[in-house]
Every structure is written in structure tokens, then in C-alpha cells.
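Each value in this text was obtained by applying a stated rule to the coordinates, not by laboratory testing. Note that the structure is a prediction, hence the values are computed from the model and not measured. Note that each Cβ is placed from the backbone with ideal geometry, even for glycine, and that neighbours are counted across all protein chains shown.
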Number of protein chains: 2
Amino acid sequence: MTARVSVAPQDPVEFPGEPRWLDADEQRAWRAWLYSAQLLMDRLDRELTHETGISHAYYEILVALSETEGRMLRMSELADRCLSSRSRLSHAVSRLEERGWVRRQICPEDGRGQLAVLTDEGFAALEAAAPVHVGSVRAHLFDQLSPGQVEAMRDLGETLLRHLGPR
Amino acid sequence: MTARVSVAPQDPVEFPGEPRWLDADEQRAWRAWLYSAQLLMDRLDRELTHETGISHAYYEILVALSETEGRMLRMSELADRCLSSRSRLSHAVSRLEERGWVRRQICPEDGRGQLAVLTDEGFAALEAAAPVHVGSVRAHLFDQLSPGQVEAMRDLGETLLRHLGPR
DNA sequence: GTAGCGTAGTTGAAGGCTTGACTATTCCGC
DNA sequence: GCGGAATAGTCAAGCCTTCAACTACGCTAC
């Protein structure tokens with residue numbers, strides 16, 4: 001993490017000069033954010049996987065598909081929505097195909113493209129998993145926060161998204 | 001159904017009946033948090049790995065060791081501080097050992113235990129990486145936020161940690 | 001029509017992570 | 001001391017992700 005190690009006055013190319021180290025308050029804020037984010041994601045993923053056999057990554061794919069007209073999306077569009085690389089998504093869809101939850105279909109408008117289509121079995125699996133996931137998010141996130149904190153969380157997230165966000 | 005082996009000393013969550021679904025505001029807050037957290041972590045890890053060849057996971061191990069008296073820790077203590085499983089840490093330390101940055105040492109007080117010790121080379125690698133990491137955290141996090149937002153971030157993180165947190 | 005380039009998506013190898021089993025050691029009650 | 005339970009750590013198998021090719025198609029200009 002942000003160790004306060006002193007460094008020789010030699011300039012690394014991209015980050016020249018002595019960096020502005022984090023002060024004690026920033027340290028504390030950063031660690032609290034990092035630890036809580038890691039623990040929360042880990043917890044949600046574990047509970048979902050354990051109760052339903054669906055990892056959070058797979059869950060996001062199923063959700064993204066279920067929210068579209070026709071329950072289908074181009075592979076790259078799906079990858080973008082899931083914050084996933086093309087390659088990663090391709091592998092993941094292959095594994096979902098093996099489970100019978102998604103199938104591939106050649107895209108009519110663009111011969112290069114593929115459509116990932118959510119099957120009825122896939123939708124049923126999602127329906128079964130959704131209450132578990134919502135339960136976890138409530139228990140470990142919303143039930144722990146005041147309305148003001150929820151508001152702050154949204155504000156924080158949206159501010160960061162404006163900087164990091166999809167282009 | 002599932003055996004539900006609870007690893008953490010925490011109540012397993014029950015998911016009875018119809019869940020309390022997220023309303024539109026909660027949805028929005030949740031997605032903003034989730035996406036921003038994923039993007040930020042991904043960004044920090046990528047920049048660090050790209051500039052220094054050290055992944056964020058390895059960086060955390062080096063930092064944890066560097067902050068202790070004697071720059072050494074028991075394997076399990078190190079795993080806890082890095083939010084890592086024992087197995088994962090054991091693998092990671094093996095790879096850090098191959099790089100010459102950490103070495104294992106039998107624990108004098110407990111024959112079962114191992115100490116992970118940060119070498120001088122490891123400390124030097126950390127010194128070189130630290131400015132890069134701090135630069136990323138500043139650029140993508142603190143430079144984007146107002147003082148009030150930083151305060152809110154700390155509050156949020158600490159509130160969640162009280163619920164999820166270690167022991 | 002075809003050359004050249006950009007885009008969409010897949011693939012395979014390499015390596016990291018997780019799970020569960022396994023060894024070795026210590027602790028504790030007798 | 002001794003036997004059983006608990007603890008520390010490692011290891012192997014399998015899954016997942018990444019990276020760097022690679023195939024296939026579309027678009028534009030000549």
C-alpha cells in the first residue's frame with residue numbers, strides 16, 4: 001500500500017520528483033476504502049457462489065443479458081457492460097454455454113459479430129440467484145448505512161466514474 | 001442443501017421469502033459504488049504492474065512486511081493483514097522468494113511457524129514502486145475528490161469495516 | 001475486384017487463485 | 001509422558017484471467 005519509504009532523488013519517468021505522500025488522514029481514508037471494498041466484494045461473491053453456484057462475474061453477465069430487449073447482446077457490448085476484457089468474456093460465455101444458460105448466435109447485421117443470448121434455463125438460474133444476491137447486498141451494505149451515507153456513497157461513486165468511467 | 005461451512009465467525013445470512021428489492025436510488029448507488037470500485041482497483045493494479053512489475057497483491061505483502069519491526073511477520077499474520085488466504089499467501093511468498101525479495105525462516109518460538117522476512121532487495125523494490133503507487137492513488141482518487149468527499153469515503157469505509165472487518 | 005487496414009471475436013499457453021487434503025508441530029488434560 | 005485436538009503451513013488439481021497471436025469479416029480507395 002502507500003508505504004512511507006523515502007526514495008532517492010532519482011526521477012522515475014512517469015512520476016517525476018518526490019511524490020506527494022499521503023498524510024495521516026488520507027492514509028486512513030484510503031485504507032478504510034480499500035479494505036472495505038475488498039472485504040465487501042469478497043463477501044458478496046462468496047455468499048453468491050456458495051448459495052447458488054454462480055460467481056459474481058457470471059451473475060453480472062446474466063443480469064446484463066436479462067436487461068436487454070430479446071435478452072441478447074453483442075459480445076463486445078456485453079464485455080463493456082461487465083467491465084470485462086473481450087477475451088475474458090469469451091471464455092466466460094463458453095462456460096455459461098456449457099451450463100446451457102447462454103448460447104451464441106451469429107449476428108445478422110454484421111458477419112463478424114456474435115450475439116450472446118440468454119436461454120430460459122439461464123433466466124431461471126438468474127431468477128433463483130437474484131434474491132440471494134439482493135439479500136447479501138442489503139445485509140452487508142445498505143443495512144449498515146444511514147440514508148446520508150448511502151447518498152454519499154452514490155456521490156462518491158459517480159464522481160469517480162466521471163473520471164475513470166467508460167470514456 | 002449446502003453445508004454452509006462458515007469460515008468467518010459471522011452469522012450466515014438467511015434469505016427468506018420475497019427479498020426487499022433495491023429501489024431506483026439504491027440501485028443507482030450500488031452500481032456507482034460497484035463500478036467505481038472495480039475500475040479504480042483495476043486501474044491502480046494495472047498502472048503499478050505496468051510501471052514496476054509488481055502487482056498490487058505483491059505490493060501489499062511488501063508493505064506489510066516493511067512496516068514491522070525487523071521487517072518480518074509470521075505467515076498467518078501476514079495473510080490476515082493482506083486479506084489473503086493462507087494458501088494464496090504461501091504461493092505468493094514462494095514467488096516473491098524466487099525474485100529474492102522475501103525469504104522464509106523457521107520461527108524460533110513455534111516450530112510449526114514460518115517467518116516471512118523482507119530482504120534488502122525487496123525493500124529496494126518497494127522503495128522504487130511506492131512513488132508510482134502513490135501517484136496513481138492521488139491521480140485517480142484524491143485529486144478527484146473534495147475534502148468533504150474524502151471524509152465521507154473514510155466514514156463509509158470505516159462503517160463497513162466495523163461490520164465486515166477482521167475480528 | 002482486390003489490396004490494405006481496421007474491427008469482432010476466439011484460442012491456447014502461462015500463470016495466479018481456491019479448495020480441500022495432507023504433514024508437522026504444539027497445546028492440553030490426564 | 002501420552003493421546004487427541006487444534007494450529008501452521010504447504011501442495012496438487014482445477015478453474016479463471018491475461019496476453020499475444022490468429023481467423024474472419026467489413027470498409028474504403030483505387
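What does the charge count around B:Ile54 come to, taking other residues whose C-beta lies under 14 Å from its C-beta (Lys +1, Arg +1, Asp -1, Glu -1)? Before the final figure, lay out the partial values.
Details: positive: B:Arg46, B:Arg95, B:Arg99; negative: B:Asp45, B:Glu47, B:Glu51, B:Glu60, B:Glu98, B:Glu121, B:Glu127.
Around B:Ile54, the charge tally is -4.
Can you give the net charge of the other residues whose Cβ lies under 13 Å from the Cβ of B:Asp155, counting K and R as +1 and D and E as -1?
Numbers: positive: A:Arg28, B:Arg154, B:Arg162; negative: A:Asp25, A:Glu151, A:Asp155, B:Glu151, B:Glu158.
Summing Lys/Arg as +1 and Asp/Glu as -1 gives -2.
Loop exposure criterion: GluC sites (Glu not before Pro), DSSP state outside H, G, I, E and B, at most 10 other Cβ atoms within 10 Å. Applied to chain B, the longest stretch between such sites is B:15-108.
Taking the C-alpha atoms only, the angle from helix A:86-98 to the longest principal axis of chain A is near 40 degrees. Placing a label point 7 Å from Cα along the Cα-to-Cβ direction at B:Asp25 gives distances to the equivalent points in the other copies of 2.8 nm, listed shortest first. Shape annotation for segment B:18-64: C-alpha extents along the principal axes are 47, 19, 14 Å, from largest to smallest. The angle separating the long axis of helix B:56-66 from the principal Cα axis of greatest extent in chain B is about 60 degrees. Taking only the alpha carbons of the protein assembly as shown, we obtain Rg and Dmax values of 21.7, 70 Å in that order.
With its label point put 7 Å out from Cα toward Cβ, A:Glu67 sits 3.6 nm from the same residue's point in the other copies, in order from shortest. Close amide H partners of B:Val102, meaning residues 5 or more places away or on another chain with modelled amide H under 5 Å apart, are B:Glu97, B:Thr119.
Inter-label distance, A:His163 to A:Met41: 1.7 nm, where each label sits 7 Å from its Cα along the C-beta direction.
Here segment B:54-145 is treated as a sphere whose radius is the Kirkwood value from Cα pairs; by Stokes-Einstein at 4 °C and 1.567 mPa s it diffuses with a coefficient of 95 µm²/s.
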